[in-house]
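Right, one structure below, let's go through it.
Derivation of every value follows stated rules applied to the coordinates shown; laboratory data play no part. No experiment lies behind these values; they were computed from the predicted model shown. Glycine also receives a Cβ, built like all others from the backbone with ideal geometry; neighbour counts cover every protein chain displayed.
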Amino acid sequence: MNSTFINAINKDRKRTRSNIIKQVLKIIPSGRLILDILKSKVDIFLAMSKKKKTLENANARLKQTVEELKKANQKIVKQQKTLIEEERIKILLQMAGAKAHELAQPLMALQYGIELMEMDQESPDKMAYHIAFVKEAGDRISEVVRTIQTIRHDETSQHLDETSIVNIDQKMTILSLEDSDDDFEMLNAVLSDHKQISLSHSRSIEDALQVLKQNHFDLILLDYLLPDGNGLDFLRSIEKEGSEIPAVVITGQGDEMIAKQVIQAGAYDYLPKDRIGEKSLLRVIINTLEKARLKREIKNAQKKIAMMSIRDEITGLYNRRYFNEVVEKEVSRAMRYETDLVLCMIDLDYFKKINDTYGHLAGDMTLSEIAGMLKKCVRQSDLCCRYGGEEFTVIMTNTDTKGAEKVSERFREMVAHRLFQYNSSTFHCTVSVGIAAYQPELKQSSTELVEAADNALYQAKAQGRNRVVTIEALSGATDFLRVHKF
């Protein structure tokens, strides 16, 4: 019995195991499929995550590159604007220097002409020549002046980026040329919170011109339509008066044609009345004063460049380049109008010894002092130049050799008696002078006149220095010399 029971139990176990095995075998294929699917999905998600990360990194790098390019581009644009502005200013300065150079000669000629007219008032024939000469100089001046612009100045403040802009907090006076009281009150109300701005009122062009003669203004706010004209008429009037005050046209007639016309006529900006607000008006005021300041800086730089181009730095006299231009023009004029012209060549005696003994700074001091003495001895209309090294020249118009000799003798004596002092050292210096007069009958060129004066100077040096020698002619044969020995 026990054996039968045990066998039965064993059979049940076998069946159960078989059933279990069968069930497992049925489940396993589908389980493998699920595992394969899950693995595939995981691989896909991992790949997508990796690609997403790669894209995010690439996008970050691209964004950084774009920012760097943007900054680089801004820097390049800023540099380009700076270079363009520098080039523009350089061109303006060169043009201004040239114009100033052009003005110097006719202004000098005008002075000469006036002196001639004063000297020859009793001679109608000579007066006719002098009047023609003055008219010619005046025409040349007028032609140059037409191309020259003038501007005003304004205070500036320094900002963190090292740029200078107009300081709106400074006290400023503004003239409003406006025939409408309501419109003026509107402007006054807009600027009421800015106590540093003083706003005055004129109702007509005539009244405004009178006010400008009696008071200083930093800016003009100009209505276009006025009782006695328009904005263009006013701009032309102040230009004629030589006023340098910047003007902004503010009007209800806000079309592009008017804006173009007033800007071309000299206005700095244009603002329609229907666009006036505190921000817009202050922006226009600041921009206008800044433009005026920049033009003032250009004007000052123009003067410096012009002076540097024709002046000697040590002595303050005109330089050789300027001398070469002037002497040629003076010879042409002397030939045309049959006027006297004398050229003096001056050289410091033993100047190298001064440099070697006391130093080059002592030499520069000596040159500067002698230049000052030379200017005191000659007329204002005479042209003094530093020819080079220790040589000077003086162009004397409407003067004969006798007059030039008197001036040269006075100068020579002044230098000879001068005790020069540098630091603790004292020393003397002398000069030799060669004089040559223009000879119209020989039809001398400017080069020949310079050669004649240089020849006279050479003779003064050869005969012992500290003397004045005059050469009467350069005829190609033997020149006649008049020597003053001391």
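For region 156-306, the relative contact order works out to 20 percent when only alpha carbon pairs closer than 8 Å and six or more residues apart are counted.
Taken over region 156-306, lysine pairs spaced eight or more positions apart, or on distinct chains, with alpha carbons under 15 Å apart number 5. The loop-placed trypsin sites (Lys or Arg not before Pro) in region 427-465, going by DSSP, that have at most 16 neighbouring Cβ atoms within 10 Å of their Cβ come out as K443, R465. Within the shell of other residues whose beta carbon sits under 12 angstrom from the beta carbon of Y422, the net charge comes to -2, with Lys and Arg scored +1 and Asp and Glu -1. Contact order for region 320-484, expressed relative to its length and based on alpha carbon pairs under 8 Å spaced 6+ residues apart, stands at 26 percent. Taking the square roots of 5 times each eigenvalue of the Cα gyration tensor of region 228-319, largest first, gives ellipsoid semi-axes of 36, 16, 9 Å. Converting phi to 3J(HN,Hα) with the Karplus coefficients 6.51, -1.76 and 1.60 and the offset θ = phi - 60°, region 392-401 yields 10, 9, 10, 9, 10, 8, 6, 9, 8, 5 Hz in sequence order, with x at every glycine or proline. Considering only alpha-carbon pairs that sit under 8 angstrom and 6 or more positions apart, the relative contact order computed for region 281-368 is 20 percent. Taking a ≥ b ≥ c as the square roots of the Cα gyration tensor eigenvalues, with a/c under 1.5 meaning rounded and otherwise prolate when a/b beats b/c, else oblate, which class fits region 291-363? Cα axes put region 291-363 in the oblate bin.
Each Lys and Arg contributes +1 and each Asp and Glu -1, all at the Cβ; summed about the Cα centre of region 320-484, the dipole is approximately 400 debye. For region 320-484, lysine pairs separated by 8 or more sequence positions, or belonging to different chains, with Cα-Cα distances below 28 Å total 23. Among S381, S280, S237, the order by Cβ neighbours within 10 angstrom, fewest to most, reads S280, S237, S381.
By the beta-carbon count within 10 Å of each Cβ, the least crowded to most crowded order of D349, D120, D193, fewest first, is D193, D120, D349. Each Lys or Arg adds one and each Asp or Glu subtracts one; over the other residues with Cβ under 13 Å from the Cβ of Q210, this totals -2. Measuring max minus min along each principal axis, the C-alpha atoms of region 320-484 give extents of 53, 30, 24 Å (largest first).
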